[in-house]
Each structure stands twice: as structure tokens, then as C-alpha cells.
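Here's the structure we're looking at; comments come further down.
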Amino acid sequence: MKVKIHREGTNILIILMCMLVVINIPSWMFIRPIAIPIVFSSISAVLFFLVLNFFRSPRRHFHGNRDRVVVSSVDGKVVALEEVYESEYLHRKVMQISVFMTIFNVHANWFPVDGKVLLVKHHSGRFHSAYLPKSSTENERSTVVIRADNGQEILMRQIAGAIARRIVTYAHKGTDANIEDHMGFIKFGSRVDIFLPLDAEIFVKIGDKTVGGITEIARLADKKTL
């Protein structure tokens, strides 16, 4: 697994570094006792490495059985697992799996299934805490629909939260989806919902930790049984 800095964070990290240098150099030159600039520099270093950690961009390779597999799109914790009615596109009852990310998680988003992208749509909205159920339909969000290789349609929703204010979606209608590829990025944010057919076999439960592009959260039904 190789790790690099995500392109979404390059400018932010450069600006942050310049700001911290501007703050810290004068403190070492003019402020005494020396303990004060030491404290400033220590806090600055912690802040920079927290942001650096946030913008990690690991390249991951799935080594399991890819036939009908559904992987977690993000690193985080499963906070919702329930049957719901999806009214935006699918218009039927589905199984919703929601994974919440903290500021300590990688925030790159992976495609949950192999297949073809059918729809990409951005919705303006509010910035409720992404932990709340209403964030799925009221918050700033992007919807991506993928037709999996077995023919079933999967809906994935990137959701902004109280802190996250920018959702980036790389998927485009008509392009291929691959579980090893980045589908998008949520800056300082927050939650991803995946809506699966009711006949999918679910492998996770509420409270489970997931790794984006790696953790198998479900397996779709065999198309022969559809």
C-alpha cells in the first residue's frame, strides 16, 4: 500500500506551511522567554501533521473475490444499517449502509463496486452534523449511481457535515467504476451512504470499522437468481 498526499490538499498544505512560518519566525526572534516560541512551534507542528494526515491518499489494491463484491467507499465507522425507501433515483426499498469519517480518517472516497457510472448529481443543502439521519437528504451532497457488473444499480451518496464544506466528485456519467479507483474526496468531512438491493448479503454491523477500497461490506445477489 503506497501513501501520498492527495492533490486536494496540496494548496492547503502549502498555504498552511507559509502561515505557520510567518507566525513562528518572529516568535523565535523577538519573544522571550524561549519557552514561548517553543510552545508556538510545537502547536504548529501538531497542527500541520494533523492536516497532513487528513490528506493522505493511499493507493489500495483489493485482493479478495471481486465477483459481486461491495467494498466500503471510505475509512470510518458504520453508523447506520437499515432498510429505507430511496426516493431520489431508485424509488424502492433498499438497504442503507452509512459510514462516518472523523478528522483522523483518510478522506478519499473509493467506488463501492465495479461497473458503469449512470448518474452524477450534486445537491446544495445544509450542513447538519453528518451523524444525524436527516443529513442524508438535507445536507450538501453528491449522488453517484453505478450499474454493477451483475446488472444491479447501486447508489452512493457523499455527504458534507458541520465542518466539511467541499465535496469533490471525480466520477462522470458513462465512465467505468473500479473499486481500486478514487471516486471523490470530502474535505474535512464526513459521511458516505451506500444503498444496496435488499437481497444483498451484508457483512458489517453498526459500530464496525471499515477501510476504503478494502473492507467487504456486502455481496450482491447472483444475477442468475434475479
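Ranking H63, I146, A160 by how far each Cα lies toward the positive end of the dipole of the chain (charges on Cβ) leaves A160 at the top.
Nonpolar atom fraction for the chain, defined as the carbon and sulfur part of the 1.4 Å probe accessible area, stands at 61 percent.
Let's test the formula: R0 of 30 Å, r as the Cβ-Cβ distance of I103 and N24. What FRET efficiency results, to the nearest 0.05?
Values: r = 23 Å, r/R0 = 0.76.
After rounding to 0.05, the efficiency reads 0.85.
Computed over neighbours whose Cβ is under 11 Å from that of D75, the net charge equals +4, Lys and Arg +1, Asp and Glu -1. For the chain, a simple Cβ point-charge model (Lys and Arg +1, Asp and Glu -1, everything else neutral) yields a dipole of about 560 debye relative to the Cα centre. Principal-axis analysis of the Cα atoms of the chain puts helix 35-54 at an angle of about 20° to the longest axis.
Classify the range 22-121 as rounded, prolate or oblate, taking a ≥ b ≥ c as the square roots of the eigenvalues of its Cα gyration tensor: rounded when a/c is under 1.5, otherwise prolate if a/b is larger than b/c and oblate if not.
Cα axes put the range 22-121 in the prolate bin.
Remark: the R166-L16 segment gains 52.2 nm on full extension, using 0.36 nm per residue and subtracting the alpha carbon distance.
Just the accessible area per residue of the chain, please: how many Å² with a 1.4 Å probe?
50 Å²
First obtain the Kirkwood hydrodynamic radius of the chain from its Cα pairs, then insert it into the Stokes-Einstein equation at 37 °C and 0.692 mPa s, and state the resulting D in µm² per second as a whole number. For the chosen part, D equals 176 µm²/s.
Remark: the A221-K209 segment gains 1.9 nm on full extension, using 0.36 nm per residue and subtracting the alpha carbon distance. Residues in the range 93-110 carry Karplus couplings, in order, of 6, 9, 9, 9, 10, 10, 10, 9, 9, 9, 5, 8, 8, 5, 10, 5, 10, 9 Hz; the curve used is 6.51 cos²θ - 1.76 cosθ + 1.60 with θ = phi - 60°, and Gly or Pro positions show x. Relative to the longest principal axis of the Cα atoms of the chain, the long axis of helix 10-30 lies at roughly 20 degrees. For I202, the solvent-accessible surface computed with a 1.4 Å probe is close to 50 Å², ligands and nucleic acids excluded.
For the chain, what's the relative contact order in percent, using C-alpha pairs closer than 8 Å and at least 6 residues apart?
Value for the chain: 24 percent.
Within the chain, the longest run free of exposed loop sites, counting GluC sites (Glu not before Pro) that sit outside DSSP helix and strand states (H, G, I, E, B) and have at most 16 other Cβ atoms within 10 Å, spans 89-179.
In what sequence, largest accessible area first, do S41, S87, S124, S142 appear using a 1.4 Å probe?
S124, S87, S41, S142
Ordered from highest to lowest accessible area with the whole protein assembly present and a 1.4 Å probe, I206, I34 read as I206, I34. Centroid-to-centroid, using Cα positions, the range 42-57 and the range 182-220 are 26 Å apart.
Report the charge-dipole magnitude of the range 12-117 in Debye, nearest 20, computed about the Cα centre from +1 at each Lys and Arg Cβ and -1 at each Asp and Glu Cβ.
300 debye
Its DSSP H runs of at least 4 residues, each contributing -39,500 (n - 2.57), put the calculated 222 nm mean residue ellipticity of the chain at -6500 deg cm²/dmol, to the nearest 500.
The values are calculated or read from the model by the stated rules, or taken from the named source; none is laboratory data. Note that the structure is a prediction, hence the values are computed from the model and not measured. Backbone-built Cβ (ideal geometry, glycine too); neighbour counts: all protein chains shown. Note: accessible area is taken over every heavy atom of the protein model, side chains too, but ligands, DNA and RNA are not part of it. Shrake-Rupley method; radii C 1.70, N 1.55, O 1.52, S 1.80 Å.
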